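Below: one structure, written as structure tokens.
The values are calculated or read from the model by the stated rules, or taken from the named source; none is laboratory data. None of these values were measured; they are calculated from a predicted model. Ideal geometry is used to build each Cβ from the backbone, glycine not excepted, and the neighbour counts take in all protein chains shown.
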Amino acid sequence: MGLRFSSQPSESPPKSSLGELPESCVAEIMTYMNPPEICKLATLNRAFRGASSADFVWESKLPPNYPVLLRRIFTDFPSHLGKRGIYARLCRLNSLDDGTKKVWLDRSMGKLCLCVSAKGLSITGIDDRRYWNHIPTEESRFNSVAYLQQIWWFEVDGDVEFPFPAGRYSVFYRIHLGRASKRFGRRVCNTEHVHGWDIKPVRFQLWTSDGQYVTSQCFLNEPGKWAFYHAGDFVVDNGNASTKVKFSMTQIDCTHTKGGLCLDSVLIYPSEFRTVKAFLNSF
């Protein structure tokens, strides 16, 4: 007698689905992802949605000194919010010092950024309308910029005292040579009164409360568009203590006048962002 083989197919092993993964395992995986990736996965099913709300997932995305940040930014922060809610609140444009400063976390990386408006800076001659004017614009997050018509002594100073998370930060002045406006719904820029910036360079200086000092200089030479001029970098070692940063931009050679400049703000953000063009373009 020969061997006989059954014609009945063997049963295939049961297939597992993503929905069968334990929520705790999914949450552990999410700690290695960035916030946008976590939010995308949360739409897959109930298990992923539940895992995406775990406190330890979002605590891993928050700056280590986030309790200090909450006390500095908010006067009465809701106590019922979980870590995901805290992250979301910190990612908003939170106003400080009568609206002259804004601070937020970058949504993708959870890094802290801070911006000081022109009205939060000390500008020589700002109260004399022969030299400076505050003009409204949709091109600023503060809805207005300081416009320089003409001046001999150009000096813009500022300072910030804030508990920056530990890391390296860059300081930039956001400047526009020329005055932009809208005509028939289109952006137009008048550069007729731009002058004096190609004769002598502008000098930037930066000091910190722990003794760091940086100086540099450059010509302003990008008329017709917003440009970011690098004033210097500083390093924060202790995020639980406030670091005071002072910065200045000057062109005080009184042999010639300069004018036709819009000053929007001073930005302070992690130095690693200097290579992320999408961050600069989205500002």
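Whenever a residue of the stretch 240-253 is closer than 9 Å to residue 158 by Cβ, it has no partner that is basic (Lys, Arg) and surrounded by fewer than 16 Cβ atoms within 10 Å (Cβ to Cβ) lying with C-beta atoms less than 6 angstrom away and at least six residues away or across chains. Restricted to the stretch 72-82, and to residues there that are in contact (Cβ under 8 Å) with a residue 24 or more places away in the chain and within 22 Å of residue 241 (Cα to Cα), the residue that is surrounded by the most Cβ atoms within 10 Å (Cβ to Cβ) is 73.
Among residues of the stretch 189-232 being part of a strand (DSSP E or B) and either of a type in the set (Phe, Trp, Tyr) or over 27 Å from the mean Cα position of the chain (by Cα) (or both), the one that is surrounded by the most Cβ atoms within 10 Å (Cβ to Cβ) is 204.
Within the stretch 102-119, count every residue that is without any contact (Cβ under 8 Å) to a residue 60 or more places away in the chain and over 30 Å from residue 59 (Cα atoms). Walk me through how you get there before you give the answer.
Initial filter on the stretch 102-119 (without any contact (Cβ under 8 Å) to a residue 60 or more places away in the chain): 102-105, 119.
Those left that are additionally over 30 Å from residue 59 (Cα atoms): 119.
Result for the stretch 102-119: 1.
Selection of the stretch 65-87 for residues being over 20 Å from residue 167 (Cα atoms) and polar (S, T, N, Q) yields 75, 79.
Given 152, 132, which one is surrounded by 15 or more Cβ atoms within 10 Å (Cβ to Cβ), in the same structural domain as residue 201 (by TED's automatic domain parsing) and either in contact (Cβ under 8 Å) with a residue 60 or more places away in the chain or more than 30 Å from residue 187 (Cα to Cα) (or both)?
Details: 132 fails: either in contact (Cβ under 8 Å) with a residue 60 or more places away in the chain or more than 30 Å from residue 187 (Cα to Cα) (or both).
Just one listed residue meets the conditions, 152.
Report yes if residue 180 is closer than 18 Å to residue 127 by Cβ and of a type outside the set (Val, Ile, Thr), otherwise no. Taking the combined requirement at face value, the residue does not satisfy it.
Would you kindly identify the strands (runs of 3 or more DSSP E) lying entirely within the stretch 71-126 that contain at least 1 residues that are out of contact with any Leu (no Cβ under 9 Å at 6 or more places or on another chain) and under 23 Å from residue 271 (Cα atoms)? If you could, list the steps in order and put the result at the bottom.
On the way: elements: 94-96, 101-105, 112-117.
So the answer is 94-96, 112-117.
Among residues that are assigned by TED's automatic domain parsing to the domain that holds residue 37, of a type outside the set (S, T, N, Q), crowded, with 18+ Cβ neighbours inside 10 Å and touching a residue at least 40 places away in the same chain (Cβ under 8 Å), residue 69 is included.
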